[in-house]
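A short worksheet on the structure shown next.
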Amino acid sequence: RQWMIQPLRDPVPLRRRHVGVELFLHPSTHPVTASVLERMGNIGSMDAILLRMQRCCTQTNDFLVLGRTLEAAFEILGCLGGELRERALWLDRGNNGNRDN
């Protein structure tokens, strides 16, 4: 929504956004993208859980969801490293989507 209300005008962050989108749409990254999406399914409603914790009225499942969410977050970080990170840096340097190696 914020992208529609306040579109980017600065070319540097705009280019980074395009690189991010291109990275996840490129066929060579489809397995990583699928893995990230699968792990995102394990992320719970953190804002609601933290609000209930702040008010000291947690539900019995909140701590289990919090644990699964943190585990998923670490797994996503692992997915986003390595070859995917190298490809993002390569794209950010201005290369097109075709890579010889």
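General observations
- Subset of region 28-49 that is of a type in the set (S, T, N, Q) and assigned to a helix (DSSP H, G or I) - its residue that is farthest from L80 (Cα to Cα): S28
- Hits in region 50-86 - residues which are in a loop (DSSP other than H, G, I, E, B) and exposed (fewer than 13 other Cβ atoms within 10 Å of the Cβ): R55, C56, C57, Q59, T60, N61, G81, G82
- Conditions (1) within 28 Å of P11 (Cα to Cα); (2) without any contact (Cβ under 8 Å) to a residue 60 or more places away in the chain; (3) open to solvent by 50 Å² or more (accessible area, probe 1.4 Å); number of the one not met by E22: (2)
- Looking across region 25-39, the residues that are open to solvent by 100 Å² or more (accessible area, probe 1.4 Å) and modelled with pLDDT under 90 come down to L25, L37.
- Complete set of residues in region 9-19 that are hydrophobic (A, V, I, L, M, F, W, C) and either open to solvent by 60 Å² or more (accessible area, probe 1.4 Å) or farther than 30 Å from E86 by Cβ (or both): V12
- For N98, the conditions (1) modelled with pLDDT of 85 or more; (2) more than 14 Å from the chain's Cα centre (by Cα); (3) outside any helix (DSSP H, G or I) are fulfilled apart from (1).
The values are calculated or read from the model by the stated rules, or taken from the named source; none is laboratory data. All values derive from a computational prediction rather than experimental measurement. Neighbour counts run over all protein chains shown; Cβ positions are idealised from the backbone, glycine included. Calculation scope for accessible area: heavy atoms of the full protein, side chains included, ligands and nucleic acids excluded. Shrake-Rupley method; radii C 1.70, N 1.55, O 1.52, S 1.80 Å.
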